[in-house]
Amino acid sequence: MIKFILRLSVLLLFIQPIIGQFGTWAIGNRNHPELDWKTISTKRFNIHYHDGLEKTAIKSAKIAEHVMPTLMQQMNIDTMPTVDITITREDEFTNAFAVISTYQVFVWVEQNDVGIWLEKDKWLETVIAHELQHVVFIEKIKSWIPFPMDMIAMDLPMWVPDGIAEYMTESWRPYRADLEHKRHIIINPEKKDIWDPHADGFSKVLYWSDRFGDSTIVKVLEYRNDAGMYNFDEAFKKVNGITVKQFVEDWRVLMNTYYYGYRSQKEAYNEIGSVVTLPIKKMQSFSFYNDSTQIALLGLYDKNHLDISLIIAERDTAKEAKRYDKWKKNIDKLKKKQKKTKQDSLEINKTYKKKVMWKKSEVDYGRFHEALSWSPNGNKIAYNKYHYSKDNQALVYDIKIYDKQNKKDKWVTSSMRSRYPVWIDSSNIAFVTVNNDTSNIYISNLNGETRPLTDFAENTQIIHLSVSPDYQTIAFAMSPTSGNMDIYTLDIESKQLQRVTKNAAADSRPVWHTDGTAISFTSHRNGVPNIYTANLSNGSINNNTDSGDGIITKQWMPNDNLLLAQSAINTTDSVRLIKMDPFRKTKSIPLSMNPYYSSWLNAGPDVSFVHQKPSDTIAVSKPNKYKFWKTMRRAQLIALPPNFAQVIWADAMNKNLFGVVGLINDQNIDNSGFMLQYLTANYGP
C-alpha cells in the first residue's frame, strides 16, 4: 500500500507537465505558426500534415491501413479506435513516438542517415508499423481503470513494449540491436540494463518466444487478475511459470554465453592490424589531413567540457623533440655511470619509444554531424553543424567551413539540411542535401552558390561521400527506391552513375585507394560490420576482415599504404583505430555454436510481418484544413474519491490542452473549488 501511495504521489507531481510536453513542436522549442496544417482520412486513420507533405501524407495513410490488420491479428484484437498520425519535417530529428492514452502517433518523416540500420527497409514503412504496434499493444493491456492510474498497477518494464514492437515489426540486424549487445556484454559484466530498451527488449522477446512460444506473448498480455487489472509480473509468472526476475537473469546468462562464444571464433582487432588511439578520449569522429600533420576531431575536449568540440590537433614536433632530448640525456647520464645497476643496463639497451604528440585547439562547439573533410591544401576544414536555420528557425544541419589561416568560420549552406561534405577542388564542395524522403548531391563554392549534381526524385537516401584521389569521381552509399543500400560512383563531369556492389546487406563508408583502382567499404553481409575491397577494373570483391565486434572503414592512412579502420563499438574510454593492410584476407573459421544458445535468433511472430507495397485501392479522403476542436480526446483522468479529480483533453497534435481540476474539502466546504486550464502551442516562434 505504501508503495502504491508513493507512486501515486510522484504521478500527481509530474503528470501535468508531462502531458504538455508531447508534440513535435516541443523538440525545437518552436511552435512554427507559419505552417499550414491539413488532414486526410482513411477507414482507420486521420493523417495530419503541414504544407509540402501531402504526397508523404497519402503514402503514410496507405502504409498505416496496410499494416494495421496484421498488427491487430498479431495481438488478437478485433477492433481499434481511429488513430491520429501527425507527420512533420519541422526539424531534422531522428525519431517518432506514440502517445499511449490518446491513440496518437508522431513521425518526423525526413530521415536520410537511418538507412544504415534499416538495411533493405525504408523509414516510413518501418516507423509507422513500429509506432502503431505500440498503440495496439496499449489497447491490448488496458483495463477498466483509466489512464494514467492503470499504469501504476501494471509494473510494466520499458523493455516489454519496445521489445514487442521490434519483435512484431522488424528484423534483427547489426544496428538494431546486435552491436549494442556486443558493446554491453564486453564493458558491463555487472547485472545492469542496456541503456536502450529497444535493444535488450528485442532480444528478450526473441528469447521469450523461443523458450515459451510466440502464443505466450499474447496470453501474458490478455491475463487479468481477480480485480480485472493488468500486472505484468503476475501475468508473466502465471503463463510462463517463472518470475520476470528469473527470466531476465536466464536471458543475461544466455546472451553472455552466446556473444562470448561468437566473439571467441572471430578475428581480434590486433590480428587485423595495428591498434592506435587519438588524442581525445570521448570521440565522435575524426579526419587526418593527407600528410598526417594535423587531425580534425569531434568529441569532448576534456572532462570539463559538456559540449561536443570541433578540435584541430597539429603535430607538435617541438614537444616530440624535447621528449627525445630528455630521454637521450638520461641515457647518456646512465652510460657515464661508473657502477651501473642491472636496471641501468636494461634502460640503456631499450630502444626509444617514439610518441606522436599533438597540440589541440577548439575551433567550434555544439552539435555536429560525423562527416569532416580537409581542403586539398590543408588550410580549411568542412563540417556539418546543427543549428536554428534562417528558414523559420527550424533545427537543421548545414555546412560550415573553418579557415585555419584567418581563424574564422562561415556558413556555406543555409537551410539546406545538408551533410557529408567533401572537397572536389580547392574552392568547391560536394555534399548531400535532404528534401522529404529524397536526397541528392549538390556542389557549392565558398560563396554559397549551389548547383545539383544528381536529380533523384523519390525515396532515395545517400550517405558517406568519398572523393577519388584525382578529384574526378565521388563514391557514396545509396539506398534507392528498392531499399538496397550499395556503393555507387558518380563522375563529376559527365554525371555518369555506376553501381559498384550488389548485395542484399547494407554496404557503406567507401574509401578510395590512393591509385584510384579500388574502393574499400564496410558491409553487413556476414551479419556484422566488416571490411571488403572492390576492384574497380574487374568487379571482384575481397573480404578483408571477420571481426566479431565489428569494424568500419574510415580513411586511407596518411604516409602509409594502409587503411585506417575504426571499431564499430566503443568498448573503452577511446574509440580504437586499426591500421590494416587493405589487401589482407580473413582468417575466418566456420562458426560453431550450440543451437541451445543461438536458436533465439530464429524466433519470430507466428503472424509474420513483411514490409510490402500498400495497395493503391486504399481510399484516402481529400485534404481538409486541420480543426483541432474536431479531434479532442480525453488524455488523462486522475480520480481520488471522494475529494480530488483531474481531467485533461488534448487535440490530435497536442497543440491544445484543456484541463479541469476539482477539489472538495469535506472538512471545510468553503476551501473547495475547481480550476480550468488551457495550454496552447499555436503561437510564438
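The values are calculated or read from the model by the stated rules, or taken from the named source; none is laboratory data. Everything quoted here is computed from the prediction, not taken from an experiment. Ideal geometry is used to build each Cβ from the backbone, glycine not excepted, and the neighbour counts take in all protein chains shown.
Out of all the residues in segment 360-402, which are modelled with pLDDT under 95, within 25 Å of the chain's Cα centre (by Cα) and polar (S, T, N, Q)?
Passing the criteria: S389, Q393.
Right, K390: out of contact with any Ser or Thr (no Cβ under 9 Å at 6 or more places or on another chain), free of Cβ contacts under 8 Å to residues at least 60 places away in the same chain and either over 18 Å from L298 (Cβ atoms) or not β-branched (V, I, T) (or both) or not?
Considered against the rule, which asks whether it is out of contact with any Ser or Thr (no Cβ under 9 Å at 6 or more places or on another chain), free of Cβ contacts under 8 Å to residues at least 60 places away in the same chain and either over 18 Å from L298 (Cβ atoms) or not β-branched (V, I, T) (or both), K390 comes out as no.
Hey, G659 hits all of (1) buried (at least 16 other Cβ atoms within 10 Å of the Cβ); (2) more than 30 Å from the chain's Cα centre (by Cα); (3) part of a loop (DSSP other than H, G, I, E, B) but one; which does it fall short on?
Failing condition for G659: (3).
Take the conditions outside the structural domain of G548 (by TED's automatic domain parsing) and in contact with a strand residue (DSSP E or B) (Cβ under 7 Å, 6 or more places away or on another chain) and apply them to E170. Does it pass?
Here the answer is yes, as E170 does meet what is asked.
Looking for whichever is within 20 Å of R173 (Cα to Cα), in a loop (DSSP other than H, G, I, E, B) and outside the structural domain of W117 (by TED's automatic domain parsing) here; the options are S482, S494, S508. Which one fits?
Being within 20 Å of R173 (Cα to Cα), in a loop (DSSP other than H, G, I, E, B) and outside the structural domain of W117 (by TED's automatic domain parsing) holds for just one of S482, S494, S508, which is S482.
Hand me the list of strands (runs of 3 or more DSSP E) wholly inside segment 358-468 holding 1 or more residues that are touching a Leu at 6+ places or on another chain (Cβ under 9 Å).
358-366, 368-374, 380-388, 395-403, 408-411, 418-425, 428-435, 438-445, 461-467
Which residues, taken from segment 290-325, are hydroxyl-bearing (S, T, Y) and either outside any strand (DSSP E or B) or farther than 22 Å from G378 by Cβ (or both)?
S292, T293, Y301, T317, Y324
Is it true that some residue in segment 340-353 is closer than 17 Å to A296 by Cα and aromatic (F, W, Y)?
No; the residues of segment 340-353 include none that is closer than 17 Å to A296 by Cα and aromatic (F, W, Y).
Being within 19 Å of S373 (Cβ to Cβ) and among the acidic types (D, E) is the filter here; which residues of segment 448-502 pass it?
E449, D470
Which ones in segment 338-361 are under 21 Å from K322 (Cα atoms), surrounded by 10 or more Cβ atoms within 10 Å (Cβ to Cβ) and among the β-branched types (V, I, T)?
I348, V356, listed by residue number.
For segment 176-184, indicate whether the set of residues that are touching a Phe, Trp or Tyr at 6+ places or on another chain (Cβ under 7 Å), in a helix (DSSP H, G or I), in the same structural domain as Q73 (by TED's automatic domain parsing) and closer than 20 Å to Q133 by Cα is non-empty.
Checked against the condition, which is being touching a Phe, Trp or Tyr at 6+ places or on another chain (Cβ under 7 Å), in a helix (DSSP H, G or I), in the same structural domain as Q73 (by TED's automatic domain parsing) and closer than 20 Å to Q133 by Cα, segment 176-184 yields no hits at all.
Condition check ((1) exposed (fewer than 13 other Cβ atoms within 10 Å of the Cβ); (2) among the hydroxyl-bearing types (S, T, Y)) across all residues:
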site: P605; (1), (2): no, no
site: S608; (1), (2): yes, yes
site: P614; (1), (2): no, no
site: T617; (1), (2): yes, yes
site: F628; (1), (2): no, no
site: T631; (1), (2): no, yes
site: L637; (1), (2): no, no
site: P641; (1), (2): yes, no
site: Q646; (1), (2): no, no
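Do we find that W649 is part of a strand (DSSP E or B) and either in contact with a strand residue (DSSP E or B) (Cβ under 9 Å, 6 or more places away or on another chain) or not assigned by TED's automatic domain parsing to the domain that holds E170 (or both) in this structure?
Yes, satisfied.
For segment 279-299, which residues satisfy the criterion of being under 25 Å from the mean Cα position of the chain (by Cα) and surrounded by fewer than 18 Cβ atoms within 10 Å (Cβ to Cβ)?
K281, K282
Do you know which residues across segment 511-528 are outside any strand (DSSP E or B) and farther than 27 Å from Y262 by Cα?
Answer for segment 511-528, where residues must be outside any strand (DSSP E or B) and farther than 27 Å from Y262 by Cα: H513, T514, D515, G516, T517.
Quick one: F4 ticks every box in (1) closer than 30 Å to T216 by Cα; (2) in contact with a helix residue (DSSP H, G or I) (Cβ under 8 Å, 6 or more places away or on another chain); (3) part of a helix (DSSP H, G or I); (4) at pLDDT 80 or above except a single one, so which number is it?
Failing condition for F4: (4).
Check S598 against each of (1) in contact (Cβ under 8 Å) with a residue 40 or more places away in the chain; (2) closer than 18 Å to M485 by Cβ; (3) not β-branched (V, I, T) and name the one condition it does not meet.
If we test S598 against (1) in contact (Cβ under 8 Å) with a residue 40 or more places away in the chain; (2) closer than 18 Å to M485 by Cβ; (3) not β-branched (V, I, T), just (2) comes out false.
Name the residues in segment 544-595 that are surrounded by fewer than 21 Cβ atoms within 10 Å (Cβ to Cβ), free of Cβ contacts under 8 Å to residues at least 24 places away in the same chain and within 19 Å of I295 (Cα to Cα), would you?
D560 - this is the single residue of segment 544-595 that is surrounded by fewer than 21 Cβ atoms within 10 Å (Cβ to Cβ), free of Cβ contacts under 8 Å to residues at least 24 places away in the same chain and within 19 Å of I295 (Cα to Cα).
Taking segment 469-478, which residues are outside any strand (DSSP E or B) and free of Cβ contacts under 8 Å to residues at least 60 places away in the same chain?
Scanning segment 469-478 gives P469, D470, Q472.
Yes/no per residue for (1) touching a Pro at 6+ places or on another chain (Cβ under 9 Å); (2) among the hydrophobic types (A, V, I, L, M, F, W, C); (3) surrounded by fewer than 17 Cβ atoms within 10 Å (Cβ to Cβ):
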position: D437; (1), (2), (3): no, no, no
position: S444; (1), (2), (3): yes, no, no
position: P452; (1), (2), (3): no, no, yes
position: F456; (1), (2), (3): yes, yes, no
